[in-house]
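Working notes, structure below.
The values are calculated or read from the model by the stated rules, or taken from the named source; none is laboratory data. Bear in mind that the values here come from a model prediction, so they are computed numbers and not experimental data. Cβ: placed from backbone, ideal geometry, glycine included. Neighbour counts: every protein chain shown. Accessible surface areas use protein heavy atoms only, side chains included; no ligands, DNA or RNA. Shrake-Rupley method; radii C 1.70, N 1.55, O 1.52, S 1.80 Å.
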Amino acid sequence: IYSVKDQHYWAVGGSGCYRISNELCITDYYGVDNLSDKHHAFSGSEFRDIYEDQEGIFWIATNGDGLLKWNRANDSIQLFSIQDGMPSNTLYCILEDDFEKLWISTDNGLVCFDKRTNDVKIYSKVDGIAHNEFNRISSFKDPFCKMYFGGINGLTSFDPKDFQTDTLVEQIPLQVTS
């Protein structure tokens with residue numbers, strides 16, 4: 001369940017997103033079971049997490065389809081999947097740092113997604129995370145902007161400001177072979 005700017009709540013469930021009033025009543029539904037209304041229909045699989053950014057864009061983690069970018073203002077949906085550089089289409093949790101980047105836990109690493117450029121950086125066990133596979137609904141951002149993601153081998157915590165100059169470029173030595 002997620003509180004958004006318009007003073008409503010959104011709950012994400014296996015088959016879609018539910019808008020909930022302050023009186024705790026479901027007032028709207030968007031999802032895979034709403035195929036009769038194209039403005040309320042999402043194709044795809046199970047939803048795992050939802051996050052609204054400062055521009056009012058909703059980001060939805062799915063179990064099998066990747067990351068959905070949902071602009072409710074113009075009723076557009078954009079999908080980011082393995083074909084776009086994601087390490088997996090099974091996503092768990094979404095947090096945003098102070099630098100307009102989304103941090104997304106998956107079943108194959110931790111993703112840093114730049115919302116402006118759509119660039120994807122993948123962090124894995126060799127980069128220092130506890131394990132490549134994370135747990136569903138296991139994330140937290142503290143008041144000091146430090147992030148925590150729970151995985152099958154413990155907790156990965158970090159401060160996103162430490163990654164602002166991270167290039168994650170492999171340094172491959174020059175080798176003359178002939």
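Some points to look at:
- Looking at the stretch 52-147, the strands (runs of 3 or more DSSP E) lying wholly inside it that each contain 3 or more residues that are open to solvent by less than 20 Å² (accessible area, probe 1.4 Å) sit at 57-62, 67-71, 91-96, 101-106, 110-114.
- Check on residue 174, outside any loop (DSSP other than H, G, I, E, B), over 21 Å from residue 82 (Cα atoms), free of Cβ contacts under 8 Å to residues at least 40 places away in the same chain and open to solvent by 90 Å² or more (accessible area, probe 1.4 Å): no
- Every pair of residues 6+ apart whose Cβ atoms lie under 6 Å, when the first sits in the stretch 121-148 and is within 24 Å of residue 64 (Cα to Cα) while the second is part of a strand (DSSP E or B) and of a type in the set (S, T, N, Q): 129/156; 130/156; 134/105; 148/157
- The residue that is most open to solvent (accessible area, probe 1.4 Å), counting only those in the stretch 10-45 that are outside any loop (DSSP other than H, G, I, E, B) and at pLDDT below 80, is 41.
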